[in-house]
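Taking it in order: structure first as structure tokens, then the write-up.
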Amino acid sequence: MKLLLIDGNSIMNRAYYGIRLLTNKKGVPTNALTGFLNIYSKLIKEERPDRIAAAFDLKAPTFRHKMYADYKGTRHAMPDELVVQMPLIKDILRNLGISVLEVEGYEADDILGTLAKKNAANGVEVSVVSGDRDLLQLAETHIKIRIPKTTRAGTEIKDYYPEDVKREYQVTPQEFIDVKALMGDSSDNIPGVPSIGEKTATNLIAAYGSIEEVYAHLEEIKPPRAKKAMEEHYDMAQMSKTLATI
């Protein structure tokens, strides 16, 4: 059994910015639809899945917004030309017999993560397609993360299993969460720990495995600014980890 899961918002967003603005005869923008369906066509040919589902975000606040009011607070509003294409892609997917999933209080990532983990535990081979590398934390033996890049010239898709994540980012998929918790994420406005960037965060998590273990070995931590930052902002690191965890 093969299950294909699609991060609807992420792929539409990636397609919108990857292809110049196109419109149909009525003037309705279609560039994101075109890019999305190009990716979909490629995936169907490569994966030949038995089941397909696409998850989308809702406008309602999620549990993360309730935990941290400024979560995603720096994001710009979705362009109007993309907004009008969102309901259209959902209608197209439903007409193709694909499940369109939205859950109030949760993000599309959470829906994808839940379905991926539960199905993989039952022996299903799962492919998760997203333009967001946050989904790399889900990678495991039976879960493949596929990250596409869309242009007018075509679509390239890079695949990640745990060994691919480790080779490219020097940490395991589970540790990937802790790296983000330390370094923060400007796109999601996750604060992270001040003074700790991606390189230091990666080195610390590669050495200790988690923010909890980093904190437990404070006397060994280098450079000194990282040690001081962890001492003063450990609560922020823990909150950031919760925000970053799918």
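The values are calculated or read from the model by the stated rules, or taken from the named source; none is laboratory data. The model shown is predicted, which means the values in this text are computed figures rather than measured ones. Don't worry about glycine lacking a Cβ; one is built from the backbone with ideal geometry, like all the others, and counts go over all protein chains shown. The accessibility values were calculated without ligands, DNA or RNA, using every heavy atom of the protein model including side chains. Shrake-Rupley method; radii C 1.70, N 1.55, O 1.52, S 1.80 Å.
Of everything in region 12-36 that's in contact with a Gly (Cβ under 6 Å, 6 or more places away or on another chain) and either assigned to a helix (DSSP H, G or I) or at pLDDT 95 or above (or both), which residue is nearest to A121 (Cα to Cα)?
Here the residue is R14.
When you scan region 156-168, how many residues do you find that are open to solvent by less than 20 Å² (accessible area, probe 1.4 Å) and either part of a helix (DSSP H, G or I) or modelled with pLDDT under 95 (or both)? Steps first, answer last, please.
Initial filter on region 156-168 (open to solvent by less than 20 Å² (accessible area, probe 1.4 Å)): 160, 165.
This time we only want the ones that are either part of a helix (DSSP H, G or I) or modelled with pLDDT under 95 (or both), so: 165.
So the answer is 1.
Name the single residue that is most open to solvent (accessible area, probe 1.4 Å) among those in region 118-147 being assigned to a loop (DSSP other than H, G, I, E, B) and over 10 Å from P162 (Cβ atoms).
N122
Note down all Cβ pairs under 7 Å where the first residue falls in region 218-246 and is over 21 Å from D70 (Cα atoms), the second is open to solvent by less than 30 Å² (accessible area, probe 1.4 Å) and of a type in the set (S, T, N, Q), and they're at least six residues apart or on different chains.
A226/T200
So how many residues does region 63-111 have that are in a helix (DSSP H, G or I), touching a Ser or Thr at 6+ places or on another chain (Cβ under 9 Å) and among the basic types (K, R)?
Residues in region 63-111 being in a helix (DSSP H, G or I), touching a Ser or Thr at 6+ places or on another chain (Cβ under 9 Å) and among the basic types (K, R): 1 in total.
Tell me, yes or no, whether region 57-78 has at least one residue that is hydrophobic (A, V, I, L, M, F, W, C) and within 16 Å of the chain's Cα centre (by Cα).
yes
Restricting to region 188-246, name every residue that is open to solvent by less than 60 Å² (accessible area, probe 1.4 Å), more than 25 Å from E168 (Cβ to Cβ) and of a type in the set (K, R).
K227
Answer yes or no as to whether V171 is open to solvent by less than 30 Å² (accessible area, probe 1.4 Å) and part of a loop (DSSP other than H, G, I, E, B). Let's see the steps before the verdict.
Numbers: open to solvent by less than 30 Å² (accessible area, probe 1.4 Å): yes; part of a loop (DSSP other than H, G, I, E, B): yes.
Taking the combined requirement at face value, the residue satisfies it.
Find all pairs meeting these conditions: Cβ atoms under 9 angstrom apart; at least six residues apart or on different chains; first residue within region 191-207 and on the phi > 0 side of the Ramachandran plot; second residue of a type in the set (S, T, N, Q).
Within 9 Å, the pairs are G192/S240.
Which of (1) more than 29 Å from the chain's Cα centre (by Cα); (2) assigned to a helix (DSSP H, G or I) is the odd one out, the single condition A226 does not satisfy?
(1)
In region 42-51, which residue that is open to solvent by 40 Å² or more (accessible area, probe 1.4 Å) and in contact with a strand residue (DSSP E or B) (Cβ under 9 Å, 6 or more places away or on another chain) is nearest to M1 (Cα to Cα)?
D50
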